[in-house]
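Working notes, beginning with the structure itself.
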């Protein structure tokens, strides 16, 4: 790759990183001032990072991952080989992973970035995995079970779903579990994005 092409790719990656950081801040309802205080940085620096004018160090990215409660890996892998696919297409081998197998849930971001009005995830639930404490988010969510058996409790009512079944709810507490012996795969859509 030529030097100008490598420089252009780096700048594009920095723009996507900046957009992701801005989207995370906004979905959590935080101001630039609040982020700056929590990171021990200036408001101007945070603003420059969000506009792609400054690049955070690895230490800064670790602090942001902790602050936003996301894996550090979320800030990487913006590399898209075809320029006309950036921000539009996510190839199967280039999805950003958002979890670990230790938790029993591994999620891959199917959306090209964290901007926009919704995010789409491929969620794989290990056999026996469960969310024991109900989650409540100010979102509308929907899912489609691609494989396995998946159980979801929405607002106190459990629903057992199999391959081809789907669900939707908004602003209600939910829990989930995989009662099966094989992984359950669910395509999950969340609006607005929460990662």
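Test of understanding: among 87, 143, 115, 156, which residue is under 27 Å from residue 19 (Cα atoms) and at pLDDT 95 or above?
Going through 87, 143, 115, 156 in turn, the sole match is 143.
To keep it simple, each residue is scored yes or no on (1) touching a residue at least 40 places away in the same chain (Cβ under 8 Å); (2) assigned by TED's automatic domain parsing to the domain that holds residue 21; (3) part of a strand (DSSP E or B).
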position: 120; (1), (2), (3): yes, no, yes
position: 142; (1), (2), (3): yes, no, yes
position: 145; (1), (2), (3): yes, no, yes
position: 152; (1), (2), (3): no, no, yes
position: 172; (1), (2), (3): no, no, no
position: 181; (1), (2), (3): yes, no, no
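Can you pull out every residue in segment 122-139 that is more than 22 Å from residue 74 (Cα to Cα) and part of a strand (DSSP E or B)?
130
In the list 97, 103, which residue meets the criterion of being in the same structural domain as residue 130 (by TED's automatic domain parsing), at pLDDT 70 or above and touching a strand residue (DSSP E or B) at 6+ places or on another chain (Cβ under 9 Å)?
97
Every residue in segment 123-164 that is over 25 Å from residue 192 (Cβ atoms) and surrounded by 14 or more Cβ atoms within 10 Å (Cβ to Cβ), please.
126, 127, 129, 130, 147, 148, 149, 151
State which residue is farthest from residue 178 (Cα to Cα) when the search covers only segment 55-84 and only residues that are surrounded by 18 or more Cβ atoms within 10 Å (Cβ to Cβ) and modelled with pLDDT under 75.
For segment 55-84, the residue satisfying everything is 80.
Given the criteria at pLDDT 85 or above, surrounded by fewer than 15 Cβ atoms within 10 Å (Cβ to Cβ) and on the phi > 0 side of the Ramachandran plot, does residue 52 qualify?
When the stated conditions are applied, residue 52 does not pass them.
Return the residue satisfying two criteria in turn: it lies in segment 13-35 and is closer than 21 Å to residue 89 by Cβ, buried (at least 17 other Cβ atoms within 10 Å of the Cβ) and modelled with pLDDT under 80, and of such residues it is nearest to the chain's Cα centre (by Cα).
If we take residues in segment 13-35 being closer than 21 Å to residue 89 by Cβ, buried (at least 17 other Cβ atoms within 10 Å of the Cβ) and modelled with pLDDT under 80, then 16 is nearest to the chain's Cα centre (by Cα).
Need the failing condition index for residue 111 against (1) crowded, with 19+ Cβ neighbours inside 10 Å; (2) in a strand (DSSP E or B), just the number.
Unmet for residue 111, out of (1) crowded, with 19+ Cβ neighbours inside 10 Å; (2) in a strand (DSSP E or B): (2).
The values are calculated or read from the model by the stated rules, or taken from the named source; none is laboratory data. Note that this is a predicted model, so its numbers are computed, not measured. No Cβ is skipped: glycine too gets one built from the backbone with ideal geometry, and neighbour counts run over all protein chains shown.
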